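Participant: There's a structure below that I have some questions on.
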Amino acid sequence: MTRVHAYAAPSEAAPLEKTVIERRELGPLDVLIDIAFAGICHSDIHTVQGDWGPQQYPLAPGHEITGTVAAVGAEVTKHQVGDRVGVGCLVNSCGECRNCLRGDEQFCSEGAVFTYGAPDRDGTITQGGYSEQVVVTEKFALRIPDGLALDVAAPLLCAGITTYSPLKHWNVGPGTRVAVVGLGGLGHMGVQIAHALGAEVTVLSQTLNKKDDGLRLGADDYRATSDRDTFRDLRSSFDVILNTVSAVIDMRSYLSLLDVGGTMVCVGAPAEPLPVQVMSLIGGRRSLAGSNIGGIAETQEMLDFCAEHGIAAEIEVIRASEINAAYERVLASDVRYRFVIEAATFAA
Ligand code: NAP
Ligand code: ZN
């Protein structure tokens, strides 16, 4: 076991604090990664606060990890010491079920092992990227393309793949009218990726405060959902709505914005249920869907796509001691557009 500095939540109500966690000895197929940056995803906050169910504490979150390979196990072939790599939300899966074989490791029938707060194969509970180092099976470490700096690449490992995967799955491309709801960490990646795929993109944000940013990121239109005229003006005008909101929204209003045959994909995962009137779907042969991150091969595809199109996250780099303040700002929708922790500060 290696002991590394980390930031972890001691309980669901307490602020995160500096601590020390253990990383397993390097197995034959493992890589040891010196973490450089870890993004703060809203899922970290939901998880720590117990929004999605009880957790075991202390819990170190973090599933937007980039860094450099520091050591490799005897049988590792995918990575070498010195390689620039990333780790997202997944650190293991069975590799043999039909979902894994299709490349959807996130839906592994045996239970995907998520990067933090999940029972690992050895019975321990996984600890995430708010730490100095991590050990993962080589398959679950992604290659960061040369054109992407490690700080702005970190959020791609969750926010990037979580928006790329549904946009690809629902065939977003030239001619597709896409609305992205919420311009936060996921939303600002969704806008850039949908634009790069050739879609016509509209941002639906609570206010117009971030309009300039939205248009600069590639949106063709930007509307405030606090303005009731938005829902009248944009009625039946989208093929795909990507809902990235971390809270409950009025589904009836948003579903009315879908054209006949359109799909609303929810990636935002609020603690409370989203109530839906079935007539909102029936009235336009509309679909309501969900999507969960993406598989490992698709995550690599997304990283390569982002490098090719010059897409990355817009970030604010913070020190570990600023994590709790950053959480408050994320909860207040005051993030432009991802906080990324400099891992060198976990030991400070
Ligand atoms: P975030 O940075 O906080 O962005 C969420 C955005 O939603 C905010 O910036 C805000 O945008 C909007 N919003 C927040 N509260 C709202 C409210 N009460 N009403 C309307 N809009 C509101 O969070 P994130 O990291 O992007 O994550 C978003 C959600 O996706 C979280 O629930 C997270 O757990 C989930 N998630 C899911 C997956 C998956 O695989 N499905 C992966 C990662 C994250 P505006 O200011 O523009 O209105
Ligand atoms: Zn995430």
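Participant: Name the residues in the stretch 210-242 that are of a type in the set (Gly, Ala, Ser) and either open to solvent by 70 Å² or more (accessible area, probe 1.4 Å) or on the phi < 0 side of the Ramachandran plot (or both), would you? First the steps, then the outcome.
Facilitator: Looking only at the stretch 210-242, we keep the residues that are of a type in the set (Gly, Ala, Ser), and these are 214, 218-219, 224, 226, 236-237.
Answer for the stretch 210-242, where residues must be of a type in the set (Gly, Ala, Ser) and either open to solvent by 70 Å² or more (accessible area, probe 1.4 Å) or on the phi < 0 side of the Ramachandran plot (or both): Gly214, Ala219, Ala224, Ser226, Ser237.
Participant: Take the residues in the stretch 43-72 that are part of a loop (DSSP other than H, G, I, E, B), more than 23 Å from Pro145 (Cβ to Cβ) and open to solvent by less than 10 Å² (accessible area, probe 1.4 Å), then tell me which one is farthest from ligand 2 (Cβ to nearest atom).
Facilitator: So in the stretch 43-72, the residues part of a loop (DSSP other than H, G, I, E, B) come out as 49-58, 60-64.
Subsequent filtering for residues that are more than 23 Å from Pro145 (Cβ to Cβ) retains 49-58, 60-61.
This time we only want the ones that are open to solvent by less than 10 Å² (accessible area, probe 1.4 Å), so: 60-61.
Details: Ala60: 14, Pro61: 9 Å.
By that ranking, first place goes to Ala60.
Participant: So for the stretch 147-155 (the condition being over 24 Å from Gly103 (Cα atoms), surrounded by fewer than 24 Cβ atoms within 10 Å (Cβ to Cβ) and not hydrophobic (A, V, I, L, M, F, W, C)), does at least one residue qualify?
Facilitator: Within the stretch 147-155, one or more residues are over 24 Å from Gly103 (Cα atoms), surrounded by fewer than 24 Cβ atoms within 10 Å (Cβ to Cβ) and not hydrophobic (A, V, I, L, M, F, W, C).
Participant: Across the stretch 103-123, what is the number of residues that are in contact (Cβ under 8 Å) with a residue 24 or more places away in the chain and more than 16 Å from ligand 2 (Cβ to nearest atom)?
Facilitator: Within the stretch 103-123, residues that are in contact (Cβ under 8 Å) with a residue 24 or more places away in the chain and more than 16 Å from ligand 2 (Cβ to nearest atom) number 6.
Participant: Restricted to the stretch 188-216, and to residues that are within 12 Å of ligand 1 (Cβ to nearest atom) and among the hydrophobic types (A, V, I, L, M, F, W, C), which residue is nearest to Asp304 (Cα to Cα)?
Facilitator: Among those that are within 12 Å of ligand 1 (Cβ to nearest atom) and among the hydrophobic types (A, V, I, L, M, F, W, C), it is Met189.
Participant: Do we have Val317 as open to solvent by less than 10 Å² (accessible area, probe 1.4 Å), at pLDDT 95 or above and part of a strand (DSSP E or B) here? Can you show your working first?
Facilitator: On the way: open to solvent by less than 10 Å² (accessible area, probe 1.4 Å): no; at pLDDT 95 or above: yes; part of a strand (DSSP E or B): yes.
When the stated conditions are applied, Val317 does not pass them.
Participant: Would you pick out the residues in the stretch 95-136 that are over 21 Å from Gly160 (Cβ atoms) and either open to solvent by 40 Å² or more (accessible area, probe 1.4 Å) or not assigned by TED's automatic domain parsing to the domain that holds Ala71 (or both)?
Facilitator: Glu96, Arg98, Leu101, Ser109, Glu110, Pro119, Arg121, Asp122, Gly123, Thr124, Ile125, Glu132
Participant: Looking at the stretch 287-339 only, could you name the residues that are aromatic (Phe, Trp, Tyr) and more than 14 Å from ligand 1 (Cβ to nearest atom)? Can you show your working first?
Facilitator: Of the residues in the stretch 287-339, the ones aromatic (Phe, Trp, Tyr) are 305, 327, 337, 339.
Within the stretch 287-339, just Phe305 meets the criteria.
Participant: Cβ-Cβ under 6 Å, sequence separation 6+ or interchain: first residue in the stretch 269-293 and over 18 Å from Thr163 (Cβ atoms), partner within 14 Å of ligand 1 (Cβ to nearest atom) and in a helix (DSSP H, G or I). Which pairs?
Facilitator: Leu274/Met251; Val276/Met251
Participant: Here is a further query. I'd like to check something: does the stretch 193-216 contain any residue that is assigned to a helix (DSSP H, G or I), acidic (Asp, Glu) and assigned by TED's automatic domain parsing to the domain that holds Ala326? It would help to see each step written out before you state the result.
Facilitator: From the stretch 193-216, those assigned to a helix (DSSP H, G or I) are 193-196, 211-216; that's our starting set.
Narrowing the set further to residues that are acidic (Asp, Glu) leaves 212-213.
So of that shortlist, the ones also assigned by TED's automatic domain parsing to the domain that holds Ala326 come out as none.
No - not one qualifying residue is present in the stretch 193-216.
Participant: A further question on this structure: Among residues belonging to the stretch 163-201 that are of a type in the set (Val, Ile, Thr) and open to solvent by less than 10 Å² (accessible area, probe 1.4 Å), point out the one that is nearest to ligand 2 (Cβ to nearest atom).
Facilitator: Applying the first criterion (of a type in the set (Val, Ile, Thr)) to the stretch 163-201 yields 163, 172, 176, 178, 180-181, 191, 193, 201.
Then drop every residue that is not open to solvent by less than 10 Å² (accessible area, probe 1.4 Å), which leaves 163, 178, 180-181, 191, 193, 201.
Working: Thr163: 11, Val178: 21, Val180: 16, Val181: 17, Val191: 17, Ile193: 15, Val201: 21 Å.
Of everything passing the filter in the stretch 163-201, Thr163 is nearest to ligand 2 (Cβ to nearest atom).
Participant: Could you list, in sequence order, all residues of the stretch 5-17 that are open to solvent by less than 50 Å² (accessible area, probe 1.4 Å) and either in contact with a helix residue (DSSP H, G or I) (Cβ under 8 Å, 6 or more places away or on another chain) or not assigned by TED's automatic domain parsing to the domain that holds Asp30 (or both)?
Facilitator: If the condition is that a residue be open to solvent by less than 50 Å² (accessible area, probe 1.4 Å) and either in contact with a helix residue (DSSP H, G or I) (Cβ under 8 Å, 6 or more places away or on another chain) or not assigned by TED's automatic domain parsing to the domain that holds Asp30 (or both), then Ala6, Tyr7, Ala9, Leu16 are the ones that fit.
Participant: Looking at (1) within 15 Å of the chain's Cα centre (by Cα); (2) surrounded by fewer than 20 Cβ atoms within 10 Å (Cβ to Cβ), which is the only condition Pro275 fails?
Facilitator: (1)
The values are calculated or read from the model by the stated rules, or taken from the named source; none is laboratory data. All of these numbers come straight from a predicted model, not from anything done at the bench. Here the Cβ is made from the backbone with ideal geometry for all residues, glycine too, and neighbour counts use every protein chain on show. These area figures cover heavy atoms from the full protein model, side chains too; ligands, DNA and RNA do not enter into them. Shrake-Rupley method; radii C 1.70, N 1.55, O 1.52, S 1.80 Å.
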